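Every number in this text was worked out from the coordinates using simple rules, so none of it is lab data. Please read all numbers here as calculations on a predicted model, not as lab measurements. Cβ sites come from the backbone with ideal geometry, for glycine too, and all protein chains shown count toward neighbours.
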Amino acid sequence: MTRSDDSPTRTVSRTAVLTVEGISCPSGQAAITAALGRVAGVFEATANWTSQTATVLYDPAITDVPTLTGWVNQTGCQCGGESLPIHLVHAETDHGEDVDPTSPPGHEGHATHAADGDMSDHVRAMRNSFIVAAVLSVPILLYAPIGREVLKWSAPAPFGLSDNWFSLLLSLPVIFYADRMFFTGAVQALRARTLDMMVLVAVGVGTGWLYSVVVTVSGGSDVFFEAAAVLSAFVLLGHWLEMRARSGASNAIRSLLDLTPPMAIVLRHDEELEIPTSEVIVGDLLLVRPGAKIPVDGVVIDGESEVDESLVTGESLPVHKGPESNVIGATINRNGTLRIRATKVGRDTALAQIANLVQQAQNSKAPGQRLADRAAFWLVLVALIGGLLTFLFWVTIGDRSVNQAMLFAITVVVITCPDALGLATPMAIMVGTGLGAKRGVLFKNASALEALASVRTVVMDKTGTLTKGQPEVVEIHLADGVNETELLRLAAAVEAESEHPVAKAVVEYAEARQIAKASAKSFDTIPGHGAVAIVENHRVAIGNRRLMDREKVELGPLASVIDAVSTGGRTVVAVAVDHRASGVLGVADAVRDTSAASVADLRTLGVTPVMLTGDNAATAARIAEQLGISDVFADVLPADKAAAVEQRQASHGLVAMVGDGVNDSPALAQADVGIAIGAGTDVAIDTADIVLMRSDPLDIPAAIRISRGTVRKMRQNLGWAIGYNALALPVAAGVLEPWGITLSPEIGALLMSGSTVLVAVNALLLRRLSIPGESDYPTTRPAPL
């Protein structure tokens, strides 16, 4: 990551993710990063080889996307503008060209591409280059001295050519077709004033080939066209396997983007028109039939249905939708016909925002990766200097021929390529963030992904996180001789006429038990007390103790029940029928069904759960006891939540904070890792580092497992890459030559490619990480107290 030295103090910023085709190796990211980092108005820039994109934080008053695109194109890569799928972002010029609708006035936009670019074309091109090099390497090797010696091959070269001239002829397609990416990449790196793996391969292959050409033209005999050709084949094989692995690692974004249906049915002038989803505009009325996907975000105008949102939010159960319900683009309409008014289209939809978050996280760099990038630069420099010193040593002190000394030098240059070092962390991050996205856990940056692995305390806001954030009937007490079903039927009839949240809780409680509905008459609301109505010739009063006093109801044994329910931190709802105390309902913010399992799982992971709430100590203690939480911050004012987190940090190190409301934002920012519940406010989500789309507490330990698994792979890969290079360089330089152990350039290329592929495959194994789901836990809904 770089920062432009001449950038002004950051005031207004915008983040753009650009599609960049042509980043040919992990270490080649540096050329793009350096080029973008020197643009005036750019605060930060990070290129990513694994996703073929670059994330740029810039001041829109100073620069813009077309300008950034131009700088990238100057490096020799091809920039396709902002990286969002073409069917999500669409606008047209008078010439019918796709443009970026966010480009400043006066600038033509650029066609957008899928988040992972046209990866199949890159993989196919790399495969073809490898095949050319591999096929031509065989006859070159046959007519080389080593081939003739091993195979006892004596047939003359075709066309009356000498062996050297025939090998030179066959090597031309290898150098100028198969290997052109190495030489182009080396030029890009040198233009950006950096060193990378392309420079090493270009130097190794180019030096060996040019030396052989000079010897051939001058009539000499000692050449190694076969070394250059076989070396190229092995390096290209490694790159081909890397690109296939990278293509697999980018499936998360691709699968997200493929969810959006390509076509939508729009109702215009009472006619049904099927148009591309990209042409839907805000305000359009959409018709969505049963079984169809909802094209864009919107609000239901007419109709009722169950909508499967699992593909986007991870929520397993279909959600009921009716008039005024919000719907998410790409979710599936199950059983009813809906008419939906489009509210968000293109890059503003929830799906596009999720894809953007995942992509930005994959492009961001963890602290460990920044160190690896710096180490990769110096490793290239060490390889080049080491190759030169190796050559000089064997020619002078080692008393070897120029040919033998050059073979040692080329092997040193090739075997110490820092590809594995550059790939170690990005591949793990890409797989980890993709794994999280499938679970509905969105990591917004790599730093949070890495930091969460070290967290040993999770502070959770009670309301909306551990609880549902809405009242629910949690207990019921009846007077002697009162039938529970009848009492709830009468109470629900009265409460159905009210809009109060507690009233809705009573109605939902009765509906959940499929109690027959009744109608209320003469409904009268008494502010601050409750409500009274006539239901089937019965006068039903429902409310607090003051209402009972107003109705002159003798509470009798229920008086002590009201006191106990109130002391337990619940809202008291007393019910009287015909001036007789009939029952008491306890209403409270209900604990989420999975909260207790989440707390238990956190303890299994060695993480201490802490509850933070503004409720009084009695209510907090009741909830904490239900969930098995021993550390509680109660009576905390919204303004003091951040201070509570800071206090925990001082005594327990790294702390993660989970919240959902506006008043949680300071605490989320204060925490080392901020985690927002997906159903929370936009402010909380914007402030947090991680977003839990399903609003399920079980996703908190799931996020920690993903984080720890990712960091474990990062460390394994970095350890292997560093250890490999530390051992490979001296061996390649000939330290073991006195004992008859040497490496040829071909073997060096094979070992280097194998090391890189090993790192990529190890990162992909992260996809096998076991993450328990809700079905893996026992039923944990706490029983009412």
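Need one number: the % of Cα-Cα pairs in region 119-254 sitting beyond the 26 Å mark. Intermediate values should be presented prior to the final figure.
Working: 2829 of 9180 pairs.
The share of Cα pairs beyond 26 Å in region 119-254 comes to 31 percent.
Rg and Dmax in Å for region 482-540, alpha carbons only: what are they?
Rg, Dmax (Cα atoms, Å): 10.7, 30.
For region 397-416 and region 603-668, what is the centre-to-centre distance using only Cα atoms, to the nearest Å?
63 Å
Taking a cut-off of 14 Å, what percent of all Cα-Cα pairs in region 513-586 are separated by more than that?
Roughly 60 percent, once rounded to a whole number.
When each pair of different Cα atoms in region 538-691 is counted once in the 1/r mean, what is the Kirkwood radius in angstroms, to one decimal? Before the final figure, lay out the partial values.
Details: mean 1/r = 0.0561 Å⁻¹.
It is 17.8 Å.
So, in Å, what gap is there between the alpha-carbon centers of region 213-236 and region 499-541?
Each part reduced to its Cα centre gives a spacing of 91 Å.
Any idea how far apart Ile526 and Arg580 come out in nm if each label point goes 7 Å out from Cα toward Cβ?
Label at Ile526, label at Arg580, 2.0 nm between them.
At what distance in nm do the modelled label points of Gln470 and Ile131 sit from each other, each positioned 7 Å from its Cα along Cα→Cβ?
In this crude spin-label approximation the distance works out to 5.8 nm.
Take the alpha-carbon centre of region 272-299, take the same for region 569-593, and report the distance between them in whole Å.
44 Å
How would you order 402-413, 642-653 from highest to lowest mean count of nearby Cβ atoms within 10 Å?
Working: 402-413: 24.3, 642-653: 16.0.
Order by mean packing, descending: 402-413, 642-653.
Rg (Å, one decimal) plus Dmax (Å, integer) for the alpha carbons of region 414-468?
When restricted to the Cα atoms of region 414-468, Rg and Dmax are 16.5, 59 Å.
If you project the alpha carbons of region 378-446 onto the principal axes, what extent comes out on each, in Å, largest first?
Sorted largest first, the three principal extents are 64, 17, 10 Å.
Sorted by mean Cβ packing within 10 Å, highest first, what order do the peptides 695-706, 131-142, 462-473 take? Could the numbers behind the result be given before it?
Working: 695-706: 25.2, 131-142: 19.7, 462-473: 22.2.
Going by the mean number of other Cβ atoms within 10 Å, highest first, we get 695-706, 462-473, 131-142.
With every atom except the alpha carbons ignored, what do you get for Rg and Dmax of region 127-204, in angstroms?
Answer for region 127-204, Rg first and Dmax second: 15.7, 49 Å.
Please name which of Gly481, Val431, Val412 has its Cα lying farthest along the dipole of region 406-543 towards the positive end, using unit charges on Cβ (Lys, Arg +1; Asp, Glu -1) and the Cα centre as origin.
Positive-most Cα among the choices belongs to Val412.
Tell me, what does the Kirkwood hydrodynamic radius of region 366-489 come to in angstroms if you use every pair of distinct C-alpha atoms?
Details: mean 1/r = 0.0478 Å⁻¹.
So the Kirkwood estimate lands at 20.9 Å.
Mind ordering 159-169, 554-564, 175-185, 192-202 by average Cβ neighbours within 10 Å, highest first?
Working: 159-169: 16.9, 554-564: 15.3, 175-185: 19.9, 192-202: 24.7.
In decreasing order of mean packing, 159-169, 554-564, 175-185, 192-202 become 192-202, 175-185, 159-169, 554-564.
If the reach is capped at under 29 angstrom between alpha carbons, list the lysines near Lys462, excluding any in the same chain fewer than eight residues apart.
Correct list for Lys462: Lys321, Lys438, Lys444, Lys504, Lys641.
Convex hull over the Cα atoms of region 116-168, averaged projected area in nm²? If you can, show how the numbers build up before the last one.
Values: hull surface 19.6 nm².
Projected over every direction and averaged, the Cα hull of region 116-168 covers 4.9 nm².
Dividing the Cα convex hull volume of region 456-574 by residue count, how many Å³ per residue is that?
Numbers: hull volume 15.8 nm³, N = 119.
Roughly 132 Å³ of hull volume per residue.
Taking Rh as the Kirkwood radius computed over C-alpha pairs, what is the Stokes-Einstein D of region 457-506 at 20 °C in a medium of viscosity 1.002 mPa s, expressed in µm² per second?
Working: Rh = 13.2 Å.
The diffusion coefficient I find is 163 µm²/s.
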